[in-house]
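Presented below is the structure to which this report refers.
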Amino acid sequence: PTRSAAQPPITVVICTRDRIDHLRGALASVLAVEYPDFEVVVVDNASPTDATQTYVRALNDPRVRVVSEPVAGLSRARNTGLRAARHSIVAFTDDDVAVDAKWLSSIARGFDRDVRVTCVSGIVPSGEIRTHAQAYFDRRVGWASSVTPRIYDLANPPADVPLFPFQVGIYGTGANFAVRRSRMFDLGGFDEALGVGSPTNGGEDLDMFFRVLMAGDKLVYEPAAIVWHRHRADSDALAVQARGYGLGLGAWLTTVATDRRAATLAARVAVRRLGSAIRLSAKMSKVASPPDDLAADLPEGIGRMELLSIAKGPGALRRSRREGRRRRPLLEVGREPVLD
């Protein structure tokens, strides 16, 4: 198909670490999208073998490149993907997903809604529900809870989001979002202290969504941009994920509390919307607790596990910073695409 002005070329970034069995399906779905001009950058993040690079190069597909990021951490890998991207729009997804054929067309539509749009996210429904662990996670997260397009803007707080812009869970998730490459460099890129592979184990996507809005840019939620996600199938993996989500959220909240402008806004919103804040806290506790029909087959205290991990977020963030993980690393590098 021919490309129109509303269908700009897009770079798709998939970060992975020695998970070829997962990557194979994700990459196949991306390469099958119905879109006129895109490339795929696979970021091999601190893999102990060269299997990922060997696999991607063996595809011999001119649309696909593989680059290496030797330091473990999803934020490091995402920043490496941004630096490698040739195109002005960069879409991120995971290695355990299947994207819809119209995914990139819907992403492009989101950016076309307003010239100030810097980030577009979409829905992430469950790709399979075979186990109780997957059923619990499907109910727990709200990644596909709304099918109404939204434009979020700090200058126009939505009336139905009382704690805006701090209700970051409504904006999307890291398995399905896209950004303007130039603005990511302006903002300094992803915080290396957040995300899987760092002591905080999460929060880098929430942090970026929040920073986009705090910068005065717009974030579009485009539900037609669909990515199907394969949730953790067993209880042990679910417990690890729950703790990671709690840690990441707690670490991100710490970055808010230690930023003067964000903390001032948070205090103002909390005072004005105290009742809403209390109700949201109660709702989080209720949602995190497994329903009776699933509880017997899940780790004991799975709901409390996630909530208690939030309190450990500040310590995890401190450990990340002590490892030298930077807040805005892309402020220190050039913007020309790094092709090797």
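The values are calculated or read from the model by the stated rules, or taken from the named source; none is laboratory data. For clarity, every value in this text was computed on a predicted model and none was experimentally measured. Counting neighbours? That spans all protein chains shown, and the Cβs are built from the backbone with ideal geometry, glycine included.
If you filter region 54-72 down to residues that are among the β-branched types (Val, Ile, Thr) and not in a helix (DSSP H, G or I), you find that the one that is surrounded by the fewest Cβ atoms within 10 Å (Cβ to Cβ) is 71.
Taking (1) modelled with pLDDT of 95 or more; (2) assigned to a helix (DSSP H, G or I); (3) under 27 Å from residue 197 (Cα atoms) in turn, residue 309 satisfies each apart from (1). Look at residue 86 and say whether it is assigned to a helix (DSSP H, G or I) and farther than 18 Å from residue 26 by Cβ. The answer is no for residue 86. Every test in (1) within 26 Å of residue 324 (Cβ to Cβ); (2) part of a strand (DSSP E or B); (3) within 19 Å of the chain's Cα centre (by Cα) is passed by residue 75 save one, and that test is (2).
The residues on offer are 325, 319, and the sole one that is assigned to a helix (DSSP H, G or I), within 22 Å of the chain's Cα centre (by Cα), at pLDDT 95 or above and farther than 23 Å from residue 166 by Cα is 319. Of the residues examined, residue 97 is one that is surrounded by fewer than 24 Cβ atoms within 10 Å (Cβ to Cβ), among the β-branched types (Val, Ile, Thr), closer than 24 Å to residue 189 by Cα and out of contact with any Ser or Thr (no Cβ under 6 Å at 6 or more places or on another chain). Is it the case that residue 212 is modelled with pLDDT of 95 or more and in a helix (DSSP H, G or I)? So residue 212 fits the description; yes.
Screening 51, 46, 26, 72 for residues that are farther than 21 Å from residue 106 by Cα, touching a residue at least 60 places away in the same chain (Cβ under 8 Å) and out of contact with any Gly (no Cβ under 6 Å at 6 or more places or on another chain) leaves exactly one candidate, 46. Only residues that are surrounded by 20 or more Cβ atoms within 10 Å (Cβ to Cβ) and either over 14 Å from the mean Cα position of the chain (by Cα) or charged (D, E, K, R) (or both) were counted across region 198-217, and they come to 9. Pairs linking a residue in region 263-274 that is among the basic types (Lys, Arg) to a residue that is not in a helix (DSSP H, G or I), with Cβ atoms under 8 Å and 6 or more positions apart or on different chains, are 273/162; 273/163.
Pairs linking a residue in region 313-331 that is at positive phi to a residue that is part of a loop (DSSP other than H, G, I, E, B) and crowded, with 16+ Cβ neighbours inside 10 Å, with Cβ atoms under 9 Å and 6 or more positions apart or on different chains, are 324/192. Within region 41-52, being farther than 13 Å from residue 14 by Cβ and either part of a helix (DSSP H, G or I) or β-branched (Val, Ile, Thr) (or both) holds for 49, 51.
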